[in-house]
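The values are calculated or read from the model by the stated rules, or taken from the named source; none is laboratory data. Computed from a predicted structure; not experimentally measured. Positions of Cβ are backbone-derived with ideal geometry, glycine not excepted, and every protein chain shown enters the neighbour counts. To get the accessible areas, we keep the full protein, side chains included, count just its heavy atoms, and leave off ligands, DNA and RNA. Shrake-Rupley method; radii C 1.70, N 1.55, O 1.52, S 1.80 Å.
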Amino acid sequence: MIVAANFKTNLTRKETLVYLEKLEQNIKNSNQDVYVFPATSSLVEHSGHAVVGAQNAYYVQDGAFTGEIGLVHLKEFGIDTILIGHSERRHILGESQEEVSKKFKFFKEKNFKIIYCIGEPLEIREEGEEKLLKYIESQFAGIDLDYKNLILAYEPVWAIGTGKTPTLDDIESLHKKLKQKTSAPILYGGSVKVNNVEDILKLESVDGVLVGSASLKVDDFSKMVEIAQRIED
Ligand code: PGA
(Lines give C-alpha, C1' and ligand atoms only; values in the text may rest on other atoms or scores of the structure.)
Protein backbone atom coordinates (compact mmCIF):
# COMPACT_ATOMS: atom_id res chain seq x y z
CA MET A 1 0.00 0.00 0.00
CA ILE A 2 0.95 3.63 -0.31
CA VAL A 3 1.35 5.81 2.76
CA ALA A 4 2.19 9.44 2.03
CA ALA A 5 2.93 12.39 4.34
CA ASN A 6 2.19 15.95 3.29
CA PHE A 7 3.92 18.36 5.68
CA LYS A 8 2.36 21.42 4.00
CA THR A 9 3.91 24.58 5.54
CA ASN A 10 5.40 22.75 8.51
CA LEU A 11 8.75 21.40 9.66
CA THR A 12 11.99 23.21 8.89
CA ARG A 13 14.83 21.57 6.99
CA LYS A 14 16.50 20.65 10.27
CA GLU A 15 13.28 19.11 11.59
CA THR A 16 12.69 17.31 8.29
CA LEU A 17 16.14 15.73 8.45
CA VAL A 18 15.55 14.52 12.00
CA TYR A 19 12.14 13.21 10.94
CA LEU A 20 13.50 11.29 7.95
CA GLU A 21 16.22 9.69 10.01
CA LYS A 22 13.73 8.49 12.60
CA LEU A 23 11.25 7.39 9.95
CA GLU A 24 13.85 5.26 8.21
CA GLN A 25 14.67 3.52 11.48
CA ASN A 26 11.01 2.93 12.18
CA ILE A 27 10.10 1.55 8.75
CA LYS A 28 13.20 -0.40 7.89
CA ASN A 29 11.35 -3.70 7.76
CA SER A 30 8.38 -2.36 5.84
CA ASN A 31 7.62 -3.04 2.22
CA GLN A 32 4.94 -0.40 1.93
CA ASP A 33 5.44 2.50 -0.51
CA VAL A 34 6.18 5.50 1.66
CA TYR A 35 6.33 9.10 0.44
CA VAL A 36 7.20 12.29 2.30
CA PHE A 37 6.42 15.74 0.93
CA PRO A 38 8.32 18.39 2.91
CA ALA A 39 8.00 22.17 2.51
CA THR A 40 9.93 23.46 -0.49
CA SER A 41 12.80 24.92 1.56
CA SER A 42 13.11 21.60 3.38
CA LEU A 43 13.64 19.52 0.25
CA VAL A 44 16.58 17.20 0.69
CA GLU A 45 18.41 14.56 -1.25
CA HIS A 46 17.29 11.40 0.46
CA SER A 47 18.17 7.80 -0.03
CA GLY A 48 16.27 5.26 1.96
CA HIS A 49 13.00 3.42 1.93
CA ALA A 50 10.88 6.58 1.90
CA VAL A 51 10.72 8.67 -1.25
CA VAL A 52 10.90 12.44 -0.83
CA GLY A 53 8.75 14.43 -3.21
CA ALA A 54 7.81 18.05 -3.86
CA GLN A 55 4.51 19.59 -2.77
CA ASN A 56 4.68 21.95 -5.71
CA ALA A 57 6.84 23.38 -8.48
CA TYR A 58 6.25 25.51 -11.54
CA TYR A 59 6.04 23.88 -14.95
CA VAL A 60 9.37 25.18 -16.20
CA GLN A 61 12.97 24.14 -16.25
CA ASP A 62 13.95 27.51 -14.76
CA GLY A 63 13.39 31.17 -15.67
CA ALA A 64 11.71 34.38 -14.47
CA PHE A 65 8.91 33.21 -12.17
CA THR A 66 9.48 35.00 -8.87
CA GLY A 67 8.78 32.84 -5.87
CA GLU A 68 8.53 29.60 -7.80
CA ILE A 69 10.96 26.73 -8.23
CA GLY A 70 11.43 24.77 -11.44
CA LEU A 71 12.66 21.41 -12.59
CA VAL A 72 16.35 22.21 -12.02
CA HIS A 73 15.66 22.83 -8.34
CA LEU A 74 14.02 19.46 -7.94
CA LYS A 75 16.71 17.71 -9.94
CA GLU A 76 19.37 19.17 -7.63
CA PHE A 77 17.91 16.96 -4.90
CA GLY A 78 17.17 14.01 -7.15
CA ILE A 79 13.44 14.57 -6.75
CA ASP A 80 11.14 13.03 -9.34
CA THR A 81 7.87 12.86 -7.41
CA ILE A 82 5.35 15.68 -7.10
CA LEU A 83 1.91 16.46 -5.69
CA ILE A 84 -0.32 18.23 -8.19
CA GLY A 85 -3.79 19.69 -7.70
CA HIS A 86 -3.87 19.69 -3.91
CA SER A 87 -6.99 21.46 -2.68
CA GLU A 88 -5.00 24.10 -0.80
CA ARG A 89 -3.28 25.07 -4.04
CA ARG A 90 -6.57 25.11 -5.88
CA HIS A 91 -8.71 26.85 -3.28
CA ILE A 92 -6.32 28.98 -1.22
CA LEU A 93 -3.65 29.76 -3.78
CA GLY A 94 -6.03 30.02 -6.69
CA GLU A 95 -4.61 27.44 -9.09
CA SER A 96 -7.08 26.89 -11.91
CA GLN A 97 -7.70 23.55 -13.58
CA GLU A 98 -5.86 24.97 -16.59
CA GLU A 99 -2.76 25.69 -14.49
CA VAL A 100 -3.03 22.33 -12.78
CA SER A 101 -3.24 20.51 -16.09
CA LYS A 102 -0.26 22.40 -17.52
CA LYS A 103 1.71 21.33 -14.47
CA PHE A 104 0.55 17.75 -14.94
CA LYS A 105 1.54 17.73 -18.61
CA PHE A 106 4.99 19.20 -17.89
CA PHE A 107 5.87 16.78 -15.11
CA LYS A 108 4.40 13.85 -17.01
CA GLU A 109 6.72 14.66 -19.90
CA LYS A 110 9.57 14.58 -17.40
CA ASN A 111 8.42 11.16 -16.27
CA PHE A 112 7.68 12.25 -12.70
CA LYS A 113 5.63 10.14 -10.33
CA ILE A 114 2.57 12.34 -9.91
CA ILE A 115 0.16 12.21 -6.99
CA TYR A 116 -2.80 14.00 -8.51
CA CYS A 117 -5.33 15.30 -5.98
CA ILE A 118 -9.03 15.76 -6.52
CA GLY A 119 -11.94 16.41 -4.19
CA GLU A 120 -15.12 18.40 -3.76
CA PRO A 121 -16.02 21.29 -1.45
CA LEU A 122 -18.87 20.72 1.02
CA GLU A 123 -21.48 22.69 -0.94
CA ILE A 124 -20.96 20.40 -3.92
CA ARG A 125 -21.31 17.26 -1.85
CA GLU A 126 -24.51 18.62 -0.36
CA GLU A 127 -25.96 18.98 -3.86
CA GLY A 128 -25.93 15.21 -4.29
CA GLU A 129 -24.02 12.52 -6.11
CA GLU A 130 -24.62 13.65 -9.64
CA LYS A 131 -23.16 17.12 -8.96
CA LEU A 132 -20.31 15.59 -7.00
CA LEU A 133 -19.31 13.31 -9.88
CA LYS A 134 -19.59 16.17 -12.34
CA TYR A 135 -17.33 18.29 -10.17
CA ILE A 136 -14.75 15.51 -9.90
CA GLU A 137 -14.94 15.00 -13.65
CA SER A 138 -14.08 18.69 -14.16
CA GLN A 139 -10.87 18.06 -12.20
CA PHE A 140 -9.85 15.51 -14.81
CA ALA A 141 -9.83 18.09 -17.61
CA GLY A 142 -6.43 17.95 -19.30
CA ILE A 143 -5.28 15.05 -17.09
CA ASP A 144 -4.06 11.76 -18.55
CA LEU A 145 -5.64 9.11 -16.33
CA ASP A 146 -3.69 6.41 -18.16
CA TYR A 147 -0.34 7.91 -17.24
CA LYS A 148 1.82 5.06 -15.96
CA ASN A 149 3.34 7.03 -13.08
CA LEU A 150 0.05 8.34 -11.78
CA ILE A 151 -1.31 7.95 -8.27
CA LEU A 152 -4.71 9.51 -7.68
CA ALA A 153 -5.64 11.00 -4.29
CA TYR A 154 -9.27 11.61 -3.43
CA GLU A 155 -9.43 14.27 -0.73
CA PRO A 156 -12.77 15.94 -0.03
CA VAL A 157 -11.96 19.60 0.69
CA TRP A 158 -14.28 19.63 3.72
CA ALA A 159 -12.41 16.70 5.27
CA ILE A 160 -8.95 18.25 5.06
CA GLY A 161 -7.66 19.45 8.40
CA THR A 162 -11.14 19.40 9.92
CA GLY A 163 -11.31 16.08 11.73
CA LYS A 164 -14.34 15.19 9.58
CA THR A 165 -14.29 12.28 7.17
CA PRO A 166 -16.84 10.81 4.80
CA THR A 167 -18.33 7.51 5.97
CA LEU A 168 -16.41 4.39 4.99
CA ASP A 169 -19.25 3.51 2.62
CA ASP A 170 -19.00 6.91 0.96
CA ILE A 171 -15.25 6.55 0.51
CA GLU A 172 -15.60 3.06 -0.92
CA SER A 173 -18.39 4.03 -3.26
CA LEU A 174 -16.54 7.03 -4.68
CA HIS A 175 -13.27 5.13 -5.04
CA LYS A 176 -15.12 2.39 -6.87
CA LYS A 177 -16.38 4.92 -9.38
CA LEU A 178 -12.89 6.34 -9.78
CA LYS A 179 -11.56 2.84 -10.40
CA GLN A 180 -13.75 2.66 -13.47
CA LYS A 181 -11.81 5.61 -14.89
CA THR A 182 -8.25 4.69 -14.13
CA SER A 183 -6.06 1.78 -13.20
CA ALA A 184 -3.84 4.07 -11.13
CA PRO A 185 -3.69 3.40 -7.37
CA ILE A 186 -6.15 5.59 -5.47
CA LEU A 187 -5.38 7.14 -2.09
CA TYR A 188 -7.85 8.60 0.35
CA GLY A 189 -6.89 11.84 2.13
CA GLY A 190 -8.61 14.14 4.62
CA SER A 191 -8.31 13.81 8.42
CA VAL A 192 -6.63 10.42 8.29
CA LYS A 193 -5.31 9.65 11.78
CA VAL A 194 -3.74 6.74 13.62
CA ASN A 195 -7.16 5.77 14.96
CA ASN A 196 -9.05 5.69 11.63
CA VAL A 197 -6.36 4.64 9.17
CA GLU A 198 -6.93 0.92 9.61
CA ASP A 199 -10.61 1.06 8.68
CA ILE A 200 -9.85 3.25 5.69
CA LEU A 201 -6.96 1.12 4.43
CA LYS A 202 -9.08 -2.01 4.72
CA LEU A 203 -11.54 -0.70 2.15
CA GLU A 204 -11.24 -2.67 -1.04
CA SER A 205 -10.91 0.31 -3.38
CA VAL A 206 -8.45 2.23 -1.23
CA ASP A 207 -4.80 1.67 -2.15
CA GLY A 208 -3.31 3.99 0.42
CA VAL A 209 -3.59 7.28 2.28
CA LEU A 210 -2.32 10.83 1.99
CA VAL A 211 -1.88 12.24 5.48
CA GLY A 212 -1.47 15.89 6.46
CA SER A 213 -1.53 17.00 10.09
CA ALA A 214 -1.30 13.50 11.55
CA SER A 215 1.91 12.89 9.62
CA LEU A 216 3.80 15.67 11.41
CA LYS A 217 4.71 13.41 14.30
CA VAL A 218 7.05 10.78 12.99
CA ASP A 219 5.90 8.12 15.42
CA ASP A 220 2.27 8.56 14.38
CA PHE A 221 3.14 8.40 10.70
CA SER A 222 5.36 5.36 11.26
CA LYS A 223 2.48 3.71 13.08
CA MET A 224 0.30 4.21 10.01
CA VAL A 225 2.94 2.57 7.84
CA GLU A 226 3.03 -0.29 10.34
CA ILE A 227 -0.76 -0.65 10.21
CA ALA A 228 -0.65 -0.76 6.40
CA GLN A 229 1.98 -3.47 6.64
CA ARG A 230 -0.10 -5.48 9.11
CA ILE A 231 -3.15 -5.34 6.85
CA GLU A 232 -1.12 -6.57 3.89
CA ASP A 233 0.68 -9.37 5.74
P1 PGA B 1 -5.14 16.38 6.77
O2 PGA B 1 -4.62 16.82 5.32
O3 PGA B 1 -4.68 14.98 6.99
O4 PGA B 1 -4.52 17.36 7.72
O5 PGA B 1 -6.63 16.48 6.74
C6 PGA B 1 -4.62 15.92 4.25
C7 PGA B 1 -4.06 16.57 3.02
O8 PGA B 1 -4.30 17.77 2.81
O9 PGA B 1 -3.36 15.93 2.21
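Sum -39500 (n - 2.57) across every DSSP H segment of at least 4 residues in the chain, then divide by the residue count to get the 222 nm mean residue ellipticity, nearest 500.
-9500 deg cm²/dmol
Just to be sure I understand the model, the point goes 7 Å from the Cα along the line to the Cβ. What's the resulting E127 to Q25 distance in nm?
Output for this residue pair reads 5.1 nm.
How large is the charge dipole for the range 2-232, taken about the Cα centre, if only the Cβ atoms of Lys, Arg (+1) and Asp, Glu (-1) carry charge, to the nearest 20 debye?
Roughly 360 debye for the range 2-232.
Only Lys, Arg, Asp and Glu count, each charged at its Cβ (+1, +1, -1, -1), so figure out the dipole size of the range 34-148 about its Cα centre, rounded to 20 debye.
In total the dipole reaches around 360 debye.
Between I118, L187, S42, whose Cα lies farthest towards the positive end of the dipole of the chain when Lys and Arg beta carbons carry +1 and Asp and Glu beta carbons carry -1, centred on the Cα centre?
Comparing the listed Cα positions along the dipole, S42 ranks first.
Can you work out the accessible area per residue across the chain, with the rest of the protein chains kept in place, probe 1.4 Å, in square angstrom?
Counting only protein heavy atoms, the per-residue value for the chain is 47 Å².
Below 8 Å, C-alpha to C-alpha, sequence gap of six or more: please give me the relative contact order for the chain in percent.
That works out to 22 percent.
Ignoring ligands, DNA and RNA, please state the percent of accessible area on the chain from carbon and sulfur, probe 1.4 Å.
That fraction is 48 percent.
Please arrange E45, E127 by accessible surface area, largest first, computed with a 1.4 Å probe and ligands excluded.
Putting E45, E127 in descending order of accessible area: E45, E127.
With a point put 7 Å past each Cα toward its Cβ, work out how far R13 is from E45 in nm, to one decimal.
Between R13 and E45, the simple spin-label model gives 1.3 nm.
Just how much of D169 is accessible, in Å², when a 1.4 Å probe is used and the result is rounded to the nearest 10?
Roughly 120 Å² of D169 is accessible to a 1.4 Å probe.
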